[in-house]
1. How many Cβ atoms of partner chains, on average, are near each residue of A:63-74 if near means within 10 Å of its Cβ?
2. Ordered shortest first, which distances in nm separate the 7 Å Cα→C-beta label point of residue A:329 from those of the other copies?
3. As an exercise, use a Förster radius of 30 Å and the Cβ-Cβ distance of residue A:87 and residue B:305 to find the FRET efficiency, rounded to the nearest 0.05.
4. For residue B:331, what residues show an amide H to amide H distance below 5 Å, using hydrogens built from the backbone and excluding near sequence neighbours?
5. So what's the angle, to the nearest 10 degrees on a 0 to 90 scale, between helix B:195-209 and the longest Cα principal axis of chain B?
6. Which distance in nm do the two modelled labels at residue B:215 and residue B:333 give, with both placed 7 Å along the Cα-to-Cβ direction?
7. What FRET efficiency would be calculated for the residue pair residue A:298, residue B:31, taking the C-beta separation as r and a Förster radius of 60 Å, to the nearest 0.05?
8. Given H placed 1.01 Å from N in the peptide plane, which residues other than close sequence neighbours of residue A:247 have an amide H under 5 Å from its amide H?
Protein chains: 2
Amino acid sequence: MTRIDDVARLAGVSTATVSRALRGLPTVSAATRRRVLAAAEQLDYEVSPSASRLAGGRTGTVAVVVPRITRWFFSTVVEAVEEYLHESGYDLLLYNLGGREQVRQRVLRTANLHKRVDAMMLVATPLRPADLTALASLDLPGVTISSGSRVPRWPCVRIDDVAAARTATRHLLDLGHHRIAHISGDPDDELAFTTHLDRRRGYQAELRAAGLPLDPSLDVESTFTIDGGNRATAELLARGGAPPTAILAACDEMAMGAMTALRDAGLRVPQDVSVIGIDDHDLAGVLGLSTVAQPAAEQGRLAARILLDPLGARTLGPVVGQRGAGHDTPVILPTRLVVRDSTAPPRAH
Amino acid sequence: MTRIDDVARLAGVSTATVSRALRGLPTVSAATRRRVLAAAEQLDYEVSPSASRLAGGRTGTVAVVVPRITRWFFSTVVEAVEEYLHESGYDLLLYNLGGREQVRQRVLRTANLHKRVDAMMLVATPLRPADLTALASLDLPGVTISSGSRVPRWPCVRIDDVAAARTATRHLLDLGHHRIAHISGDPDDELAFTTHLDRRRGYQAELRAAGLPLDPSLDVESTFTIDGGNRATAELLARGGAPPTAILAACDEMAMGAMTALRDAGLRVPQDVSVIGIDDHDLAGVLGLSTVAQPAAEQGRLAARILLDPLGARTLGPVVGQRGAGHDTPVILPTRLVVRDSTAPPRAH
DNA sequence: CTGAAAGCGCTTACAG
DNA sequence: CTGAAAGCGCTTACAG
């Protein structure tokens, strides 16, 4: 393994100069830099990350925490983040909470994390008071995605979930629906999402704005998954009374489950019941699912940029201390209605 | 930040002893270990990974390389691997190739990787001769998943793709189909998968075994995606001649695209055309897609275990050198036919 | 079972 | 613009 002294010797300079030249610090003459780079190249030298981290106090690594990497939104975010981080010379340490509370605690409350990473990104990870205390004492730069997780002084990138649900509801109202059901996430969800709360508020607000009553029997809580949507819809149909003519699912995955449940009940979409989701999942097109699209990859990319910019990506010069003060206003990305085949006017009676 | 000397002082021992006690090495008396653990606890001490890595030469980190984290198979594998690694005390560095050839090269051919990780896992990452040379010189332990990537001396976990395709084809034959089309991946796919080659061989083998001719007009290449399946099916239908009565898609995502294309062409599944995939994607159930299921999470978990076992997980004692010699036989996990609503006997003419 | 000491391979004030 | 030297915080032979 060639070390920095080998390069220094070959280039005829000190290891300090090699270190500076290789990291592109400005305090190296052009001629010296050339010599150092040539020597490093010739010896196939690569800096040792461990040594560099120990001496320099920076890890060149970012921790990315997601609830479940298998879900559309999170894998899409991670893909975009991964690309941005690696292009900026950072490594990505992945933490998938997977609904395991003890994992959540280990990740969020370990005093250890700050020695492993320079910064962290939390995607839709709800934070309890104890988590916030732990994160504050870590004193790491960070960023969150989604309204579900807010950390004081950390920037946040998200969509307006209330508005997204209003848009979806308005679409159904515009088609002439009056009995609009809502299926959404459960507070007891193991992943402890909170996104569904905002979406429910949007649903309710839009109904109220249209002068329609809120019928509790049309509002079913379940988990934020395909299966959850399936069960919620089955429950909705089993409740008796006039069935809804349309369903707003809190996310596309729930909407897909709803479509299955309706099909199993012998109901056609959209002839008998309209269904709309929120997200614009990869498969929404295949299923002909109308939805309110949110830009997942852009949220990831933007959050990565906001996180890294103040760290001085790639150059890895000395740390400059501006830890994004004043980032207390979330960056809100736009959503848009995508009408496909799962929504139509209600049947005339 | 409390350091190892602080603990040593409080416990009244040397730093060497603290180091040994904390890592659970056997050469520490029970009483001493207790004292050290108490001191560490009291001081809230966490070892510095950089220092530990530099001194010990092990990183406690594994690189996991996937073609696209957004696809069902890869996110499912990564989720299982992440859980196993973290439970074993290892960190996971994620590399998503994303079809970017230069990224592939940077990841696979960088002389740097071996200073960042103790081992690596390659999931369905095809390897060129130059990659193999680079990996060999890294001299890292590794494991691969999927038949698409084989590295000499690295264990491999996979399914039998030929057999999976044969099973799917046989199901269609058993239903009475004779004109069975195949849509599969393209050698020009940016991700350079090769899985589809085995699956095509299975399709052909089973047809031959049934005494049926191979009709090239029923075999369409496309990309391994929903959109690819959509386009391949459209092309199939546009070719004129008798249309197939059944389609075997090389993966579920292609099968989903096929279902869309058929629907767009006014054909019903399975009344007019049967469709079967391979994978058992999360959404296969929602779509009623018949398929041959492969155990994605188990492949990930097993590969992680095979990779870590010889490294002596968690204990992090001195490295013992047995680098899985004799692992030249892939571990093959079973697949199984899952019949849903997308396959049925062909219509009587 | 335990400790003193060297060493892992860099980066960073500090001085010039 | 460059170098000598200290130091980052551990682990590991080695000796006992």
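Every read-out reported here was derived from the displayed coordinates using simple, explicitly stated rules and does not represent laboratory data. These figures come from a predicted structure and were not determined experimentally. Virtual Cβ from ideal backbone geometry, glycine too; neighbours counted across all protein chains shown.
1. Counting Cβ atoms of other protein chains within 10 Å of each residue's Cβ and averaging gives 3.
2. Distances to the matching label points in the other copies: 6.6 nm.
3. On the way: r = 33 Å, r/R0 = 1.09.
Efficiency computed from Cβ-Cβ geometry: 0.35.
4. Under 5 Å from the amide H of residue B:331: B:156, B:157, B:158.
5. For B:195-209 against chain B, the angle is about 40 degrees.
6. Calculated label separation equals 3.6 nm.
7. Plugging the Cβ-Cβ distance into 1/(1 + (r/R0)^6) gives 0.55.
8. Long-range HN contacts for residue A:247: A:181, A:274, A:275, A:276.
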